[in-house]
Amino acid sequence: MEMLQDIETMLTDQLGPFGPLLAVGILGMFLVLLTLPVLLKKQADPLDKLREANRPRESGRETAQKLRHGSGKDKLEKYSEFLEPKNEEEYSAIRLKLLQAGYRSKNAVRTYHFLQFSLGITLLIIGALVAIVLKTTGDPSTQQMIFTILGPGVVGYMLPKYWVTKRQQKRQEEIVNGFPDSLDMMLVCVEAGQSLDQSINRVAKEIRAGYPALAEEYEMVAHEMKAGKDRVQVLRDMSERAGVPDVSSFVTVLIQSATFGTSIAEALRVYAAEMRDKRVMRAEEKANTLPTKMTLATMMLTVPPLLIILIGPSVYNIAVILKGANF
């Protein structure tokens, strides 16, 4: 008991009144990190071992092809129960957000949560070490200690979410900017006699240099159509992956055109003209908001120099006259 009291006194002297609680928290965090791999490790299924033993040996050619295509298992697969949400709606929402950000891997959700967890824990440990150093070199308050410890952990946990959100917004903006040009090109291809599938494939090749995100969406649509998937479902999947209202409206126009048997070229012509008008309206809107944004900069950078130029000589002359009158 005396030894425990001595340790408590030492922690209180070094870390303040919350020193023992802070030490217990850090110790508990390290214990959790040490026990997580053991708890999450999946035991090998005996049936899987039996199937592996009875499976025939692969030839050298099959082994080379398997290695070339990279069919190895994901290292995070054994932690999937911990890293992937159990709720189907939450999993679908995160999966859709990652798809709209351009992350199409089947392990994207798992990797996303792993990055959140690992960055949060790592920065939390760094924050705890920084707090200990600050406590030994100075006398920070309790609020500063808590902010120093928890702040980096929260930043590390939110950093992957912020990154994915910015990627999603940037990708959607690129799709919106390149969509009218792709519709014009698609209209030219359709009027030249190509089918809709061939037009989408050609547009995907032509716009890759300027709008790679939109080209990827068109290429995926072309590949799914070649694989025999229903065209309506393929177009709806494209609309969901893009997450852009203009693409959703375009998909609706194509589906209605195919349903009612109207001309696809005519529908593309009308919708392409509408998209061009919307792009002009967006440019005019940005141009109209520009003077308002420049008002503050204009006042700060133009008015003071102008006042100095206009009033400066008069002020100088008045100061000289007053100085002469005093003498």
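The values are calculated or read from the model by the stated rules, or taken from the named source; none is laboratory data. Quick caveat, the model's predicted, so the values are computed rather than measured. Every residue, glycine among them, receives a Cβ derived from its backbone with ideal geometry; neighbour counts consider all protein chains shown. The accessibility values were calculated without ligands, DNA or RNA, using every heavy atom of the protein model including side chains. Shrake-Rupley method; radii C 1.70, N 1.55, O 1.52, S 1.80 Å.
Does residue 283 fit the bill of being of a type in the set (Gly, Ala, Ser) and in contact (Cβ under 8 Å) with a residue 12 or more places away in the chain?
No; evaluated as a whole, the condition is false for this residue.
Taken together, 239, 199, 248 contain a single residue that is in contact with a helix residue (DSSP H, G or I) (Cβ under 8 Å, 6 or more places away or on another chain), in a helix (DSSP H, G or I), surrounded by fewer than 18 Cβ atoms within 10 Å (Cβ to Cβ) and at pLDDT 85 or above, which is 248. I need the full set of residues from region 219-271 which are more than 19 Å from residue 208 (Cα to Cα), within 31 Å of the chain's Cα centre (by Cα) and in contact (Cβ under 8 Å) with a residue 40 or more places away in the chain, in order please. Answer for region 219-271, where residues must be more than 19 Å from residue 208 (Cα to Cα), within 31 Å of the chain's Cα centre (by Cα) and in contact (Cβ under 8 Å) with a residue 40 or more places away in the chain: 240, 243, 246, 250, 254, 271. When the criteria are applied in full, residue 144 fails the requirement of being outside any helix (DSSP H, G or I) and either open to solvent by less than 50 Å² (accessible area, probe 1.4 Å) or not small (Gly, Ala, Ser) (or both). Scanning region 205-220 for residues that are in a helix (DSSP H, G or I) and either under 15 Å from residue 254 (Cα atoms) or touching a Leu at 6+ places or on another chain (Cβ under 8 Å) (or both) returns a single hit, 218. Selection of first residues in region 115-136 that are closer than 9 Å to residue 156 by Cβ and of second residues that are surrounded by fewer than 17 Cβ atoms within 10 Å (Cβ to Cβ), restricted to Cβ pairs under 6 Å at least 6 apart or on distinct chains, gives the following pairs, ordered by first then second residue: 119/159. It is to be established whether one or more residues within region 174-195 are modelled with pLDDT under 90, touching a helix residue (DSSP H, G or I) at 6+ places or on another chain (Cβ under 8 Å) and not in a helix (DSSP H, G or I). Within region 174-195 (the criterion being modelled with pLDDT under 90, touching a helix residue (DSSP H, G or I) at 6+ places or on another chain (Cβ under 8 Å) and not in a helix (DSSP H, G or I)), the answer is yes, since at least one residue qualifies. Mind checking which residues of region 124-141 are modelled with pLDDT under 80, open to solvent by less than 60 Å² (accessible area, probe 1.4 Å) and part of a helix (DSSP H, G or I)? Passing the criteria: only 135.
Summed over region 143-175, residues that are within 17 Å of residue 219 (Cα to Cα) and touching a residue at least 60 places away in the same chain (Cβ under 8 Å) total 3. Checking region 133-156 against the condition returns a match, with at least one residue being of a type in the set (A, V, I, L, M, F, W, C) and under 16 Å from the mean Cα position of the chain (by Cα).
Do you know which residues across region 195-218 are touching a residue at least 60 places away in the same chain (Cβ under 8 Å) and closer than 19 Å to residue 167 by Cβ?
At the first step, the residues of region 195-218 found to be touching a residue at least 60 places away in the same chain (Cβ under 8 Å) are 196, 213, 216.
The answer is 213, 216.
Take residue 232 and tell me if it is under 20 Å from residue 275 (Cα atoms) and among the β-branched types (Val, Ile, Thr). First the steps, then the outcome.
Numbers: under 20 Å from residue 275 (Cα atoms): no; among the β-branched types (Val, Ile, Thr): yes.
When the stated conditions are applied, residue 232 does not pass them.
When restricted to residues that are loosely packed, with under 10 Cβ neighbours inside 10 Å and in a loop (DSSP other than H, G, I, E, B), region 261-314 contains 1.
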